[in-house]
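One structure is given below, encoded as structure tokens.
The values are calculated or read from the model by the stated rules, or taken from the named source; none is laboratory data. Values in this document were obtained by computation on a predicted structure and should not be read as measured data. Ideal geometry is used to build each Cβ from the backbone, glycine not excepted, and the neighbour counts take in all protein chains shown. Side chains are part of the model used for accessible areas, which takes the heavy atoms of the whole protein and leaves out ligands, DNA and RNA. Shrake-Rupley method; radii C 1.70, N 1.55, O 1.52, S 1.80 Å.
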Amino acid sequence: MTDGGGTDGAPSLADQRDVEQVYQPAEDSKLLADAVVERVEAGDCALDVGTGSGYVAARLRDAGADAVGADLNPHACRQAADSGIPTVRADLTTAFRDGAFDVVTFNPPYLPTEPEREWDDWMERALSGGEDGRAAIEPFLDDVARVLASDGAAYLLVSSLTDPDAVRALAAANGLEAEEIASESHPFETLLVMRFALDDG
Amino acid sequence: MKENLMDIICCPLDKHDLELDVTERDDEEILAGTLTCTECGETYPIEDGIPNLLPPDMRDEAPA
């Protein structure tokens, strides 16, 4: 989660204001997108949770999927929609139908954060994963199996900072089988991409 | 939002179907209107083309 950049061209002042409140694609976004696009088939129905700027959703779309973005942050919704991604303001997967998606992706806020530092603004919200770093991951894993098609899969960016074994345990408790499909070492953390499929799927 | 989004969205509270009521649209998209749950009756706004399907208790919760 170092500084991202990576947008094309110079944003207008109005856009700039939004950019400051929306997490911009960084190496974690890229690792997730690179791993997932290899596994996407044309025509797949895909949902990018916490889409932010819409980067991962756009990569899914470019790989042939019908990609939709969801975000809690209204500024992120605006930015993703303006880049041509159908976007819904929603809490994780809660506003989507049962079995609707072949692919669900999520690059969650995951930095472990002291309670007194939390929820000050939208950027904090995009980064902070609560005290154990799993405040967004846990409810995501509780609901994502519901929206997956029987042969669908969810892809989650997981940092070594948020205890990947605890994430695997949460997935197993929700009937999801976890597989590590990509990893990348950085100075202060290792980033992983985990793929979750329904146990019976 | 495009109308085909209706195929994948639902009420975040009870997962029932939503009924679309359009107040403004252009050639491609629905720009303003409401989505109403056919079961619980909760209404969700579509603003600037983006449906707001946050549960009501999260809708007004906004950091600075």
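Numbers below:
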quantity	calculated
Residue list for region A:124-133, filter: open to solvent by 10 Å² or more (accessible area, probe 1.4 Å) and either within 26 Å of A:GLN79 (Cβ to Cβ) or touching a Phe, Trp or Tyr at 6+ places or on another chain (Cβ under 7 Å) (or both)	A:GLU124, A:ARG125, A:ALA126, A:LEU127
Subset tally (residues that are open to solvent by less than 30 Å² (accessible area, probe 1.4 Å) and either without any contact (Cβ under 8 Å) to a residue 12 or more places away in the chain or within 9 Å of chain A (Cβ to nearest Cβ) (or both)) for region B:21-44	1
Pick from region A:83-105, criterion at the interface with chain B (Cβ under 7 Å from one of its Cβ atoms) and not in a loop (DSSP other than H, G, I, E, B), ranking: most open to solvent (accessible area, probe 1.4 Å)	A:ARG89
Per-region count, region B:45-60, residues within 11 Å of chain A (Cβ to nearest Cβ) and either within 19 Å of A:ARG97 (Cβ to Cβ) or open to solvent by less than 50 Å² (accessible area, probe 1.4 Å) (or both)	10
Restricting region A:52-77 to residues that are part of a loop (DSSP other than H, G, I, E, B) and within 15 Å of B:LEU53 (Cα to Cα), the residue that is least open to solvent (accessible area, probe 1.4 Å)	A:ASN73
Selection count where residues are more than 7 Å from every other protein chain (Cβ to nearest Cβ) and surrounded by fewer than 22 Cβ atoms within 10 Å (Cβ to Cβ), scope region A:110-123	9
Residue match in region A:39-46 (condition: open to solvent by 20 Å² or more (accessible area, probe 1.4 Å), away from chain B (no Cβ under 12 Å), in a helix (DSSP H, G or I) and hydrophobic (A, V, I, L, M, F, W, C))	no
Among the candidates A:ALA46, A:ALA26, A:ALA63, residue that is modelled with pLDDT under 95 and either out of contact with any His (no Cβ under 9 Å at 6 or more places or on another chain) or under 26 Å from B:LEU35 (Cα atoms) (or both)	A:ALA26
B:LEU18 within 10 Å of chain A (Cβ to nearest Cβ) and at pLDDT 95 or above	yes
Qualifying residue in region A:114-129 (condition: outside any loop (DSSP other than H, G, I, E, B) and either within 20 Å of A:LEU198 (Cα to Cα) or among the β-branched types (Val, Ile, Thr) (or both))	no
Selected residue [more than 11 Å from chain B (Cβ to nearest Cβ), open to solvent by less than 10 Å² (accessible area, probe 1.4 Å) and either in a helix (DSSP H, G or I) or in contact with a helix residue (DSSP H, G or I) (Cβ under 9 Å, 6 or more places away or on another chain) (or both)] from A:ALA154, A:ALA145, A:ALA80	A:ALA154
So B:MET1, is it part of a loop (DSSP other than H, G, I, E, B) and under 24 Å from A:TRP122 (Cα atoms)	yes
Residues being part of a loop (DSSP other than H, G, I, E, B), out of contact with any Ser or Thr (no Cβ under 7 Å at 6 or more places or on another chain) and within 21 Å of A:ALA81 (Cα to Cα) - total across region B:12-48	5
Any hit, region A:168-181, residues being assigned to a loop (DSSP other than H, G, I, E, B) and open to solvent by 40 Å² or more (accessible area, probe 1.4 Å)	yes
